[in-house]
1. Out of the residues in the range 55-95 that are of a type in the set (Asp, Glu) and touching a residue at least 12 places away in the same chain (Cβ under 8 Å), which is nearest to Leu111 (Cα to Cα)?
2. Only one of Ala51, Ala107, Ala64, Ala145 is crowded, with 20+ Cβ neighbours inside 10 Å, modelled with pLDDT under 95 and out of contact with any Phe, Trp or Tyr (no Cβ under 6 Å at 6 or more places or on another chain); which?
3. Looking at the range 108-125, is at least one residue closer than 29 Å to Lys29 by Cβ and either in a helix (DSSP H, G or I) or touching a Pro at 6+ places or on another chain (Cβ under 8 Å) (or both)?
4. Among the residues of the range 23-33, is any among the polar types (S, T, N, Q), in contact with a helix residue (DSSP H, G or I) (Cβ under 8 Å, 6 or more places away or on another chain) and at pLDDT below 85?
5. Looking at the range 33-48, which of its residues are of a type outside the set (A, V, I, L, M) and crowded, with 17+ Cβ neighbours inside 10 Å?
6. For Trp140, indicate whether it is touching a helix residue (DSSP H, G or I) at 6+ places or on another chain (Cβ under 9 Å) and at pLDDT 95 or above.
7. Residue check: is Arg94 assigned to a helix (DSSP H, G or I) and not hydrophobic (A, V, I, L, M, F, W, C)?
Amino acid sequence: MLVRMAAILIVTIHLANSAGVAGPADPVKSVENLAEQGDHQAQYYLGLMYAREIGVHKDETQAAKWFRMAADQGDAEAQFFLGIQHFRGEGVKRNLLEAYKWTVLAADHGLEIAHHFRGIIAESMSRKQLEEAERQVTEWRNRGAD
């Protein structure tokens, strides 16, 4: 219990400091509010809270929802965790193409562990799946270039 409370406090202090406001009375609600406003860090932290049961009941579906929102904004840690969820089928249907795509995108940001897991995921894929996953990665990378 102490570890969970410490984690909530750390998340709250970080978000409050980055937003330039004093710490809230309800840290979980504060993180939720920031996440709902589109703050990618809050979305990542909220996903982590649901995935690791920190201040909320464990809910892998909610974790995937918040990780996806942050991942879509380019948050490397969220991309990594979303990739792992797709690989394991936690909170989402198991999908090796999505797992590979999100893990590669996280690795693009220099997240070392993502490089390692990209290889593990690739070993589980057929050549055709890997080619399609690489096409999706390229498409995602180029989406902002339009």
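The values are calculated or read from the model by the stated rules, or taken from the named source; none is laboratory data. For clarity, every value in this text was computed on a predicted model and none was experimentally measured. Glycine gets a Cβ as well: all are built from the backbone with ideal geometry, and neighbour counts include every protein chain shown.
1. Step one: filter the range 55-95 for residues of a type in the set (Asp, Glu), giving 59-60, 72, 75, 77, 90.
Next, only the ones that are touching a residue at least 12 places away in the same chain (Cβ under 8 Å) stay: 59-60, 75, 77, 90.
Numbers: Asp59: 25, Glu60: 22, Asp75: 11, Glu77: 8, Glu90: 21 Å.
Filtering the range 55-95 for residues that are of a type in the set (Asp, Glu) and touching a residue at least 12 places away in the same chain (Cβ under 8 Å), the one nearest to Leu111 (Cα to Cα) comes out as Glu77.
2. Details: Ala107 fails: modelled with pLDDT under 95; Ala64 fails: modelled with pLDDT under 95; Ala145 fails: crowded, with 20+ Cβ neighbours inside 10 Å.
Residue meeting the stated conditions: Ala51.
3. no
4. Among the residues of the range 23-33, at least one is among the polar types (S, T, N, Q), in contact with a helix residue (DSSP H, G or I) (Cβ under 8 Å, 6 or more places away or on another chain) and at pLDDT below 85, which makes the answer yes.
5. Selection gives Asp39, His40, Gln41, Gln43, Tyr44, Tyr45, Gly47.
6. On the way: touching a helix residue (DSSP H, G or I) at 6+ places or on another chain (Cβ under 9 Å): yes; at pLDDT 95 or above: no.
No; evaluated as a whole, the condition is false for this residue.
7. Details: assigned to a helix (DSSP H, G or I): no; not hydrophobic (A, V, I, L, M, F, W, C): yes.
So Arg94 fails the test.
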